[in-house]
Ligand code: OAD
């Protein structure tokens, strides 16, 4: 508990906080992770479902997979960790949330300054004109087409082999270079570029805290490792007022 109070007091005195989240924060809401024991990539082949080649080969299959995930996520709610981060954003002078999650649960909880570096499952993008729009249909009509140009719509998700939006990378890297505290919550720390964000922040002098149910490749880099479920641990780090 001494460790928790030390981290809590550090968080409450700094002016710039950045949080990096991964699938582990949503696991406590019942959203499957990718690489855990019941992780999605244990049961499905990413190359069949989450690559541009897969979508070109079989867009119906890919949309069916996203419809299945939409169905799962639609009935899930943010948990205590998501809510604690909303509170932290209200208390902090400068707060940036960078998430690899596409489930939209941070926004549903009420977080404001969010960068969704892997996209959002509730958005579609036109493969012809590039228009991005929200679509909350569950299930979505297969195959969906663009209202503006009738082009085929795809999920607005960054797939394997694709680049992240350069503006998102810049925003994230700027945040890592300038933050005083970085909280790294529920990510396996093996997917780039998010994996390298932690060493960037550390190298720039941030106090880095990892919260995860197990150690990760980031654990040896960070200042503090808190082993536990995000929904149990994150609320303990936030001032209760
Ligand atoms: P992973 O599935 O790779 O890792 C989830 C992490 O969460 C693991 O380190 C777990 O130990 C941890 N974890 C599980 N339950 C937890 C809990 N209750 N509390 C805290 N930690 C918990 O997910 P990501 O790191 O998010 O990309 O994966 C990164 C990207 O790889 C994803 O965004 C996804 C995937 O392919 C796309 O879909 C584009």
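Since every read-out is calculated from the coordinates, none of them should be taken as a lab result. Predicted, not measured: the structure shown is a model, and the values here were computed from it. Don't worry about glycine lacking a Cβ; one is built from the backbone with ideal geometry, like all the others, and counts go over all protein chains shown.
Brief remarks on what is shown
- The chain - share of DSSP beta bridges that are antiparallel (%, nearest 5): 30 percent
- Each residue in 170, 123 was given a count of other beta-carbon atoms within 10 angstrom of its own, and listing them fewest first yields 170, 123.
- The Rg/Rh ratio for segment 1-127 is 1.04, where Rg is the radius of gyration of the alpha carbons and Rh is the Kirkwood radius.
- Helix-only arithmetic for the chain: the sum of -39500 (n - 2.57) across DSSP H runs with n ≥ 4, divided by the residue total, places the mean residue ellipticity at 222 nm at -10500 deg cm²/dmol.
- The mean sequence separation of alpha-carbon pairs under 8 Å and at least six residues apart, normalised by the residue count of the chain, gives a relative contact order of 25 percent.
- Here the simple spin-label model places points 7 Å from the Cα toward Cβ, and for residue 138 and residue 108 these points are separated by 0.7 nm.
- Across every pair of non-identical alpha carbons in segment 94-181, the mean reciprocal distance, once inverted, gives a Kirkwood radius of 14.4 Å.
- Segment 78-148: relative contact order in percent, alpha carbon pairs under 8 Å with at least 6 residues between: 24 percent
- Relative contact order for segment 119-241: 17 percent, from Cα pairs under 8 Å spaced at least 6 residues apart, divided by residue count.
- Principal axis analysis of the Cα atoms in segment 138-241 yields extents of 51, 30, 29 Å, listed in decreasing size.
- Compared with the alpha-carbon gap, the fully stretched path from residue 219 to residue 14 is longer by 71.6 nm at 0.36 nm per residue.
- Inverse of mean 1/r across different Cα pairs in the chain, Kirkwood, Å: 18.5 Å
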